[in-house]
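**Student:** My structure is below; once you've seen it, I'll send some questions.
The values are calculated or read from the model by the stated rules, or taken from the named source; none is laboratory data. Because the structure is a prediction, the values reported are computed rather than measured. We place every Cβ from the backbone using ideal geometry, glycine too, and count neighbours over all the protein chains shown.
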Amino acid sequence: MCVCSPSPKWAGPSNWAGPDENASIRPQLWRIPYEFGWRYSKQVAVKNKAERERRESLWPKPSTSSTLPLVTIYPVYHPSSLKFPSWSSSLLLTLPLQSVERLEIMGDSVDLTGDGGVLKTIIRRAKPDAIVPSEGLPLLDVHYEGTLAETGEVFDTTHEDNTIFTFELGKGSVIKAWDIALKTMKVGEVAKITCKPEYAYESAGSPPDIPPDSTLIFEIELVACRPRKGSSLSSVSDEKARLEELKKQRELAAAAKEEEKKKREEAKAAAAARIQAKLDAKKGQGKGKGKSK
């Protein structure tokens, strides 16, 4: 459980504090269970001032006209913990609530749209200095697998033939959920993206693989971000053509597997017939010897 309330001011590097430092201005706003805070302490609870300032700079400060409330994150005691974190080994971090809503902790879902339409769960975190998509790096290379939330059926994947899918961010060449989610990812990151129909194929679906009003789940790896070079899968027609080609490849692969299975069954039946013939021959020889006696 978390307790959250507004903060009177922005707390920058100058007022990172424990209970005995700047106590009069220290807002105690958001209490997070001990396991959460301690697990995240390597990122927010650091003593070195330069490192604190560097990490804080990763979060956008509100403008002077901003009315965003602030929250403070810090480890607190939880009954299941074996050790209480002392204030001497942990520090406070105060962030705009807007930033905290985007806080991405591995294994926890983040609502990227505010209405539950696009949920992101980090499966593998990228390196801290990893490249992120930008206006100068709009071409994204990804691996992915898409499944239907209702049945778990895989409807599309790049893992089967180990291909890379490339698209240009923000051009409408992919579903809305992808444009929303991929811009929050870093190169090397793997995330699970759950998207409701209104952020995917809506009531039309994408026959025959995706029924109307389907909630979709994608596991996406951002492989690379590249500058625009004049050629990419940047239109819906290109995307449909790629999916059609992939579908044909799957059908051919399935037919080949079925043929292999049929051959194995025929070979097995032939081997069984040979063994039976040998047994019958031995029985015949035994009967012949008995008659001669």
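**Student:** Can you pull out the residues in the range 170-182 that are modelled with pLDDT under 95 and surrounded by 18 or more Cβ atoms within 10 Å (Cβ to Cβ)?
**Tutor:** Passing the criteria: only Ser173.
**Student:** Can you tell me which residue within the range 113-139, out of those that are more than 12 Å from Lys196 (Cα to Cα) and aliphatic (A, V, I, L, M), is farthest from the chain's Cα centre (by Cα)?
**Tutor:** If we take residues in the range 113-139 being more than 12 Å from Lys196 (Cα to Cα) and aliphatic (A, V, I, L, M), then Leu137 is farthest from the chain's Cα centre (by Cα).
**Student:** For the list (1) assigned by TED's automatic domain parsing to the domain that holds Val118; (2) modelled with pLDDT under 90, I need the number of the one condition that Glu251 fails.
**Tutor:** Among (1) assigned by TED's automatic domain parsing to the domain that holds Val118; (2) modelled with pLDDT under 90, the lone unmet condition for Glu251 is (1).
**Student:** Pairs needed: first member in the range 172-198, without any contact (Cβ under 8 Å) to a residue 24 or more places away in the chain; second member anywhere, surrounded by fewer than 21 Cβ atoms within 10 Å (Cβ to Cβ) and not small (Gly, Ala, Ser); C-beta distance under 7 Å; at least 6 residues apart or different chains.
**Tutor:** Within 7 Å, the pairs are Asp179/Leu169; Pro197/Asp213; Pro197/Thr215.
**Student:** Is it the case, given these coordinates, that Ala204 is in a strand (DSSP E or B), of a type in the set (Gly, Ala, Ser) and either within 24 Å of Arg250 (Cα to Cα) or touching a helix residue (DSSP H, G or I) at 6+ places or on another chain (Cβ under 9 Å) (or both)?
**Tutor:** Values: in a strand (DSSP E or B): no; of a type in the set (Gly, Ala, Ser): yes; either within 24 Å of Arg250 (Cα to Cα) or touching a helix residue (DSSP H, G or I) at 6+ places or on another chain (Cβ under 9 Å) (or both): yes.
So Ala204 does not fit the description; no.
**Student:** I need the full set of residues from the range 151-162 which are surrounded by 12 or more Cβ atoms within 10 Å (Cβ to Cβ) and over 16 Å from the mean Cα position of the chain (by Cα), in order please. If you could, list the steps in order and put the result at the bottom.
**Tutor:** Taking the range 151-162 as the starting set, the residues that turn out to be surrounded by 12 or more Cβ atoms within 10 Å (Cβ to Cβ) are 154-160.
Correct list: Phe155, Glu160.
**Student:** Shifting gears a bit: Charged (D, E, K, R), at pLDDT 85 or above and either exposed (fewer than 10 other Cβ atoms within 10 Å of the Cβ) or within 20 Å of Trp178 (Cβ to Cβ) (or both) - does that describe any residue in the range 226-244? Before the answer, list the steps.
**Tutor:** First pass over the range 226-244, keeping only residues charged (D, E, K, R): 226, 228-229, 238-240, 242, 244.
This time we only want the ones that are at pLDDT 85 or above, so: 226.
With the extra rule that they be either exposed (fewer than 10 other Cβ atoms within 10 Å of the Cβ) or within 20 Å of Trp178 (Cβ to Cβ) (or both), the set shrinks to 226.
Yes.
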